[in-house]
Amino acid sequence: MGEPWKLLEGANMSKATTMSGRCPRRLRLEYLEERSLLSTYLVATDGSDQNAGTLASPFATIQFALNQAILPGDTVQVRGGTYFEKLVFPASGSAKAGFITLEAFPGEQPILDGTGIVGENMLWLNNINYARVIGFEIVNLSGVTDGSGIRITGYGSHLEIRNNIIHEIRGESAMGITVYGTASRPIAYLIVDGNEIYNAEPAPSEALTLNGNVTRFQVTGNTVHDVNNIGIDLIGGEKSIHRSLGTRKGVVRGNTVYNAHSNYGGGFAAGIYVDGGKDIVLEYNVSHHNDVGMEIGAENRGTVASRITVRNNLVYLNDKAGIGFGGYAPETGRVRSSVFTNNTVYKNDTLNAGFGQLWIQFASANVVTNNIFWASSNDVLIASDEGNINNKLTNNLYFTSNGPGAARFTWNGEPYLGLVNYQLATGADQISLFDDPAFVDPDAGNFHLGLASPAIDKGTSVRNRFAPTDRDGRYRPQGDQPDIGAYEYFATIDIAGHGLDTDQKRRAEQVISIFENDTIVLQYGYIEALRDGRGYTAGRAGFTSGTSDLLDVVERYTALVPGNALAPFLPRLRQLAQRHSASIFGLTGLPQTWEAAATDPRFRGVQDQVVDETYYRPAIKRAIGLGLQDALSKAVLYDTIIQHGEGEDPDGLPELIQRTSAQVGGTPATGVDEHVWVQAFLQVRRMTLANAFDPSTRRAWAESVSRVDVLQDIVMAGNWNLSGPFNVDREPYTPVTID
């Protein structure tokens, strides 16, 4: 037979983007994927390994079931109950046929208990690809010397460790989750998400650690607490694990670590620690009541921890220090070219050890900016004895309850009282402030900024030196400059009496949805590469990977739902947005993942939030400034900002406004008739679409002039109040009536 085909109607229709245009609905032919029959094996405490492994006739032991699940796509589901086993994963899945999955039966909690069972690890994956472990409680690994609840070694790709609870792990180096990339091939595309580790004894190792040749990973949404050493650790430079490569190119996001206290060496366990890693982002984490909040270091001689980004974290009430960076001695490694931004660091150094809120050791060429540092009762804000070379500090906010004269700063061993004296003597922190941040309720853990906070609009806006969204997923900046600290102050814009009412806004968004997707139903799951110079176009308002709005959606969703399936795309999306790149290389699987995420109401809500903050509210603010009163006038600006953007390029909304005002001699705010101004604006916009300045969008925009023609039809009908019903009946759109 010939190749199988399927016919899709409107499955991937062209559409307008933030900087693009659309074409009519079309039909598309696609190959059908080849399918193979997948197997699911069931395990239950009342089963037998002589059974068939079905729901009605389950196996008795998990290892026996795993030994049957050796084909890609196979699944082992384990019913609730206690299983006295230690497991070894025997086989790999594949990219084409799928993962081998070991998971809890839906709605049940199997317990893997190591009591009386020989072996150092409860579950071991060695040289395994495409495997998942989901939903187990792993307990009672006792008397070990170098053992783990879950251990991954050798090489591997696309491994997922999700939603497991690991506790009562006892001995020496008795760890929760351990990933050792020991081979020449890396452990790559690793996800460690939603796990809890507690009552473990990892000292002198770590509770959750990635070490050696590990790359392109995400450690997200985990909780680690009540352990006797470091909570989460990302390591490079240990030759016993890998001679040359260390943990790199990953993200540690949305984790919470508390009560991590080392039982040796005076107690310097960090909640989250990067030891010699590279190209790692630490964001949206919470670290409290540990020895040290967060630390970026390099313990091994010749190792450099570099290009680490630490942003949007809450670090509070840790015993000895808040955030520290640098090698701890002259003979150890160094920290370079890293950025610490938009963190809130509050009353650490609770034991008055003198390491303060920011502890700088042997490090150079790092940037510390847009952070809030609030001292504990000892007033120590910065502690730096030696090795602090060419580190740039700026736009930070410092505070101690005992007043500005009590604030203590030590810079390369020299102590200073007061921010001004420290600034004058060192030349550092010249644009930083001393003031009460005016948190909403810090004693209750609410570090949002109050209305009167001096942190508002005082951060630097230099690219890559501020977090693009805050801990709530809100876009930065909300004002002229980003705010200092983990939270951006968000004042609801009072547009009462100025914006669109509920029905007017609904109708405006239905018209825009017609332009975007040829339907009045908002298409949250839409995604397509239009080849219009903007990469992928997606969602209800044409968010694009080549600009920042698609990235904004994914970052906000990830702040809300750490470890979601879109999160692994963030590093590449950031690169593309920074470069304004049309490339879709490195985004394999994004369309399917976006479509799946659109079934989550939280993801749809994030899209609504981005549209509201990025497009609707700015459009209404523009309308107010221009003196526009009619609903249709405001809807015209709303649609324009979605397609053209608010940039200063010749195709952007500000330039269209300027050209229109120059043509008619002003704006409605200066006395020009509103209807005359809007009609002139639409003519300017249509001409821009027909002859775009940007060559990458020129063809697509030329095909979208009907977008303006529809708006002109509504103008000609005199429907300035945007009342319903009215018709949209112009090619290439499907005729529709909007009520």
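Coordinate-derived values only; no laboratory data. Fair warning: this is a prediction, and the values are worked out from it, not measured in the lab. All Cβ positions, glycine included, derive from the backbone under ideal geometry; neighbour counts span all protein chains shown.
Observations on the structure shown:
- Total charge dipole magnitude, the range 468-542, about the Cα centre, Cβ charges on Lys, Arg, Asp, Glu only, Debye to nearest 20: 180
- In summary, the helical segments of the chain meeting the span-like criteria, namely a full DSSP H run, a Cα extent along the axis of 20 angstrom or more and a mean Kyte-Doolittle hydropathy of at least -0.5, are 674-690.
- The local environment of V251, defined by Cβ-Cβ distances under 12 Å, has a net charge of +3 under the rule Lys, Arg +1 and Asp, Glu -1.
- Distance in nm between pseudo-label sites at R617 and K96 (7 Å out along the Cβ direction from Cα): 5.0
- Subset of K458/K505; K86/K278; K239/K347; K96/K278; K320/K392; K278/K320 violating a 27 Å alpha-carbon distance limit: K458/K505; K86/K278; K239/K347; K96/K278
- In the range 656-739, chymotrypsin sites (Phe, Trp or Tyr not before Pro) in a DSSP loop with at most 15 other beta-carbon atoms within 10 Å: F693
- Length-normalised contact order of the range 155-267 in % [C-alpha pairs under 8 Å, at least 6 apart]: 26
- Efficiency of FRET between T734 and S57 - r from beta-carbon atoms, R0 60 angstrom, step 0.05: 0.65
- Three-way shape label, the chain, alpha-carbon gyration tensor, a/c 1.5: oblate
- Stretchable slack from H675 to F84, in nm (0.36 nm times residue separation minus alpha-carbon distance): 205.0 nm
- Estimated from helical segments only, the mean residue ellipticity of the chain at 222 nm is -6000 deg cm²/dmol, where each DSSP H run of four or more residues counts as -39500 (n - 2.57).
- Taken about its Cα centre, the range 76-166 carries a charge dipole of roughly 280 debye when the Cβ of each Lys and Arg holds +1 and the Cβ of each Asp and Glu holds -1.
- Cβ-Cβ FRET estimate between T115 and N402, R0 fixed at 60 Å, reported to 0.05: 0.70
- Gained length - R185 relative to E528, 0.36 nm times residue gap less alpha-carbon distance: 120.1 nm
- Projecting the Cα atoms of N721, T588, L656 onto the dipole axis of the range 588-739, where Lys and Arg carry +1 and Asp and Glu carry -1 at the beta carbon, places L656 farthest toward the positive end.
- At full extension, N352 and S723 could sit 126.9 nm farther apart than now, given 0.36 nm per residue minus the alpha carbon distance.
- Antiparallel bridges, percent of DSSP beta bridges restricted to the chain (to nearest 5): 15
- Here's the picture: a label point sits 7 Å out from the Cα of N127 along the beta-carbon direction, and within the range 167-206 the residues with their amide nitrogen under 12 Å of it are 183-185.
- Label-point separation in nm, S240 to E331, each point 7 Å along Cα→Cβ: 1.7
- Gyration tensor verdict on the range 408-527 (Cα atoms; rounded if a/c is under 1.5, prolate if a/b is larger than b/c, oblate otherwise): prolate
- Take 111-124, 442-455 and order them by the average number of nearby Cβ atoms within 10 Å per residue, most first; the result is 111-124, 442-455.
- Between S461 and E386, the modelled label-to-label distance comes to 4.3 nm, taking each label 7 Å out from Cα in the direction of the beta carbon.
- Share, in percent, of DSSP beta bridges within the range 277-416 that are antiparallel, nearest 5: 10
- Taking the charge dipole of the chain about its Cα centre, with +1 at Lys and Arg Cβ atoms and -1 at Asp and Glu Cβ atoms, the residue from V88, L234, Y536 reaching farthest to the positive side is Y536.
- Kirkwood Rh in Å, taken over the range 539-633 so that all alpha-carbon pairs contribute: 14.4
- Oblate is the label for the range 95-135, because the ratio a/c of its alpha-carbon gyration tensor axes (a ≥ b ≥ c) is 1.5 or higher and a/b is not greater than b/c.
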